[in-house]
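Shown next, in structure tokens, is the structure this report addresses.
The values are calculated or read from the model by the stated rules, or taken from the named source; none is laboratory data. Here the structure is a predicted model, which means the values were calculated and not measured. As a convention, Cβ positions derive from the backbone with ideal geometry for all residues, glycine included, and neighbour counts pool all protein chains shown. Accessible surface areas use protein heavy atoms only, side chains included; no ligands, DNA or RNA. Shrake-Rupley method; radii C 1.70, N 1.55, O 1.52, S 1.80 Å.
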Amino acid sequence: MSDKKTDSRWRFRPEEEKHDIYSLHRQALREPPEPQEGLEPPPWWLWVISVLLIFWAGFYLGRYGGVFGPYVHVLEEGRRTERETALVPKEPETTVSGAEVYARVCAACHQPNGQGVPGVFPPLAGSEWVLKDPETPILIVLHGLQGPIEVKGTVYNNVMPEWGSKLSNEEIAAVLTYVRNSWGNQTAEITPDMVEKVRKETQERKTHWTQEELLKLKK
Ligand code: HEC
């Protein structure tokens, strides 16, 4: 064992005294802790950014995602080329209810049971005008009818307004198919294409038909 006083390691060294132990510790404490491996909680700002990103992404998908449809890459309507327009399927044709159109448009005059009003509105039930060829009732609904007309042996002389400008081809086809298959009537369906064809052929027509004209058209 050596004596402390004689051991050079323990001799007083004045230069060491200049360092203040407190300031040294303060410096040491300012240092961030040594990084260590393990599950550190992520910093708060990473959470904030993540949440904002998720919200933005959800909004973006909702706004521009096209419900993940297969046509999201086709330009919006109006800016499409012909090829793209062909790619996009047509809106599914709304199925028009003939009964609904009848109740809304025709029943006021021809009555819900298709019997008409004696002396005023001719019946559609059992009417030869409804049942013979498909074109005649299409012509009547498209352009209206006026003057004397014989229906089931009775002559009516009144005016039926035109519906061509107010009803679509689908509606006219549906209502006539309904009329031709209700109250004991039973005959072939009328399609929107048939209405479209008659509409095109008679688009110059601006006045109501008369019985004579219809009979001449349909021998
Ligand atoms: C405002 C009343 C009125 C409405 C609404 C009306 N009609 Fe008529 N309709 C008449 C009149 C009146 C006549 C007979 C016209 C004449 O005297 O020349 C007629 C005649 C007809 C005829 C030929 C005659 C017959 O009895 O078969 C048909 C077919 C017909 N209407 C179908 C329809 C259908 C289908 C609708 C609905 C889309 C309709 N009408 C809506 C008043 C109406």
| message | Within the stretch 152-159, does at least one residue satisfy the condition of being basic (Lys, Arg), within 12 Å of PRO134 (Cα to Cα) and in contact (Cβ under 8 Å) with a residue 12 or more places away in the chain? | response | no
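What tally of residues in the stretch 188-209 results from selecting those that are of a type in the set (Ser, Thr, Tyr) and open to solvent by 40 Å² or more (accessible area, probe 1.4 Å)? Spell out the reasoning first.
Step one: of the stretch 188-209, the residues of a type in the set (Ser, Thr, Tyr) are 191, 202, 207.
Filter once more, so that each one left must be open to solvent by 40 Å² or more (accessible area, probe 1.4 Å): 191, 207.
Residues flagged as of a type in the set (Ser, Thr, Tyr) and open to solvent by 40 Å² or more (accessible area, probe 1.4 Å) within the stretch 188-209 amount to 2.
Scan GLU170, GLU162 and give me the residue that is more than 9 Å from the ligand (Cβ to nearest atom), part of a loop (DSSP other than H, G, I, E, B) and open to solvent by less than 70 Å² (accessible area, probe 1.4 Å).
Details: GLU170 fails: part of a loop (DSSP other than H, G, I, E, B).
One residue alone meets the criteria, GLU162.
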Taking first residues from the stretch 205-219 that are under 9 Å from LEU145 (Cβ atoms) and second residues anywhere that are at pLDDT 90 or above and among the small types (Gly, Ala, Ser), the pairs with Cβ under 6 Å that are 6 or more apart or on different chains are HIS208/GLY144; THR210/GLY147
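So which residues in the stretch 56-113 are hydroxyl-bearing (Ser, Thr, Tyr), in a helix (DSSP H, G or I) and either modelled with pLDDT under 85 or exposed (fewer than 10 other Cβ atoms within 10 Å of the Cβ) (or both)? Break it down into steps so the answer makes sense when it comes.
In the first step, residues of the stretch 56-113 are kept if they are hydroxyl-bearing (Ser, Thr, Tyr); the result is 60, 64, 71, 81, 85, 94-95, 97, 102.
Those still in the list that are in a helix (DSSP H, G or I) too: 60, 64, 85, 102.
Residues satisfying the conditions are TYR64, THR85.
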Of those in the stretch 204-219 that are more than 12 Å from the ligand (Cβ to nearest atom) and part of a loop (DSSP other than H, G, I, E, B), the residue modelled with the lowest pLDDT is LYS219
Those residues of the stretch 112-124 which are within 10 Å of the ligand (Cβ to nearest atom) and without any contact (Cβ under 8 Å) to a residue 60 or more places away in the chain amount to GLY116, VAL117, VAL120, PHE121, PRO122, PRO123
